[in-house]
Amino acid sequence: MDKIKSQIDSATIILLEGPAGNGKTALEHTIAEICKEERLLVAAFFFSRTAANCDNGHSLFPSVASQLMRSIPQTKRYIRKAIRRNPHLLTSALSVQMKELILEPIRRVSTLNRFLKWSRIRSYPILIAIDGLDECADHGVQSNIVEIVGNAARDLHLPLRFLIASRPEPHILKAFNQLSAHLPEDRLSTLSLTEDEYARRDIKLYLDKGFDEIRRDHPTILSEDWPGLEVVDQLVDKASGQFVYAKTIIAYVASRAECYHRPDERLEVILRALPPLTDKPFEQIHALYLFILRNAKYRARIMEILGLLLAARGTGIEPGHSSTTGYSLKHAEIEKILGWKKGDVGLFLRDVHSIINNREVDQYIKIIHASLPDFLVDPSNSHELFVDVAKVRTQLTDLANEHIRKVDGSKCEHRFVPWSVRILMHIFFSYLFNLG
């Protein structure tokens, strides 16, 4: 927060980099929420390759502009005027979008309001948060976004802060290195979320808080000192700097009303099942995924659900619910597609709530962690749990063809075609396109 609230009166960039699962998104969310509460947030955009339409780099600046109109209402007239002047602006080059939709409106407002003088009187929005740059679908677009933001930091003499979180992909790091050669030293900084004392401290705090909440939920079962300092330290070691590990452990050990277990027994079982520490940081989280899925009562059905979610990933299907962490489908939608009874999905997923969010309020489910799809599609890690996405899509195309024949046979108009048919048709044509 010190870097965000610094007194530098020019735009600056903060790169938050680290491997998958080590808390970049959680940290970016937290910072964005704090800035929102303090009225410092201009906009936030979260890329996700598992969320429908959230891996498209061309959605970034229009989304930021839309939020800019709410966070700084004076910019609204200039953004609307720019769009009227150029009706194709929303599909123009990214550099043009950045200039016309964001930079020029902010410049106009800052000039009219004597922005810098006004800023000493009260707080004003300064932060543009961009998470998961590496999950943008096109590597060239990723590098282009870095270049465009870098040009803004060089040319914009207003205290905007760009917070960009990403995995340390070589082309992204190269783009930032090229920026550093053309920017003053105080305009670009990097925060690495690697396995260091800060990461260990934060993971320990997260585990302590999680276990404290579990103890409060089960006062007659758990002692006041459960699970003990030694166990917490052991889990911190096994986490290897990955927040996803700590989050999964807490979610697994915590007992839910419809899936009751003793938390102390759950923790003891999982501690015995996990491998000893090695120099491979992802080995622990992969072992955790294996343990949870292998011990699930309805494993075969769960793998069908996961296969469907992964097969639908990246097809741009509109009716589904998108979020910052993953692509979601409704219980009823999955049950229709797979030919199951009403209520089956909720039943099958009871043992895996720590890795699949089974939302009761709106009946959506989604994969919680970005590292789980990576694990499932790599047979060297997932073994018998490997999801062959191409095979699943082939099976779905067979279903799609069957549904299409039925629809054609009954001469049903398109507006009456069930959503389950439309999703299968979309996957079918996406699959054919990918083959080409």
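The values are calculated or read from the model by the stated rules, or taken from the named source; none is laboratory data. Only a predicted model underlies this, so the values are computations on that prediction, with no experimental measurement involved. Using ideal geometry, Cβ is built from the backbone for each residue, glycine included, and neighbour counts are taken over all protein chains shown.
Name the residues in region 134-145 that are surrounded by fewer than 22 Cβ atoms within 10 Å (Cβ to Cβ) and not in a loop (DSSP other than H, G, I, E, B), would you?
Matches in region 134-145: 134, 135, 139, 140, 141, 142, 143, 144.
Quick check, is residue 250 assigned by TED's automatic domain parsing to the domain that holds residue 27, at pLDDT 85 or above and either more than 25 Å from residue 374 (Cβ to Cβ) or not hydroxyl-bearing (Ser, Thr, Tyr) (or both)?
no
Go through (1) surrounded by fewer than 18 Cβ atoms within 10 Å (Cβ to Cβ); (2) touching a strand residue (DSSP E or B) at 6+ places or on another chain (Cβ under 9 Å); (3) at pLDDT 60 or above for residue 362 and report which single condition fails.
Checking residue 362 against (1) surrounded by fewer than 18 Cβ atoms within 10 Å (Cβ to Cβ); (2) touching a strand residue (DSSP E or B) at 6+ places or on another chain (Cβ under 9 Å); (3) at pLDDT 60 or above, the one that fails is (3).
State which residue pairs qualify: first residue under 16 Å from residue 304 (Cβ atoms) and in a loop (DSSP other than H, G, I, E, B) and inside region 360-385, second residue of a type in the set (A, V, I, L, M) and modelled with pLDDT under 90 in any location, beta carbons under 8 Å apart, and separation of 6 or more residues or different chains.
Matching pairs, first to second residue: 377/310; 377/389.
Only one of 173, 179 is assigned to a helix (DSSP H, G or I) and closer than 25 Å to residue 26 by Cα; which?
173
From the list 205, 235, exactly one residue is surrounded by fewer than 13 Cβ atoms within 10 Å (Cβ to Cβ) and at pLDDT 85 or above. Which is it?
Answer to the selection: 205.
Quick one: is residue 351 in a helix (DSSP H, G or I) and either modelled with pLDDT under 75 or out of contact with any helix residue (DSSP H, G or I) (no Cβ under 7 Å at 6 or more places or on another chain) (or both)?
It is true that residue 351 is in a helix (DSSP H, G or I) and either modelled with pLDDT under 75 or out of contact with any helix residue (DSSP H, G or I) (no Cβ under 7 Å at 6 or more places or on another chain) (or both).
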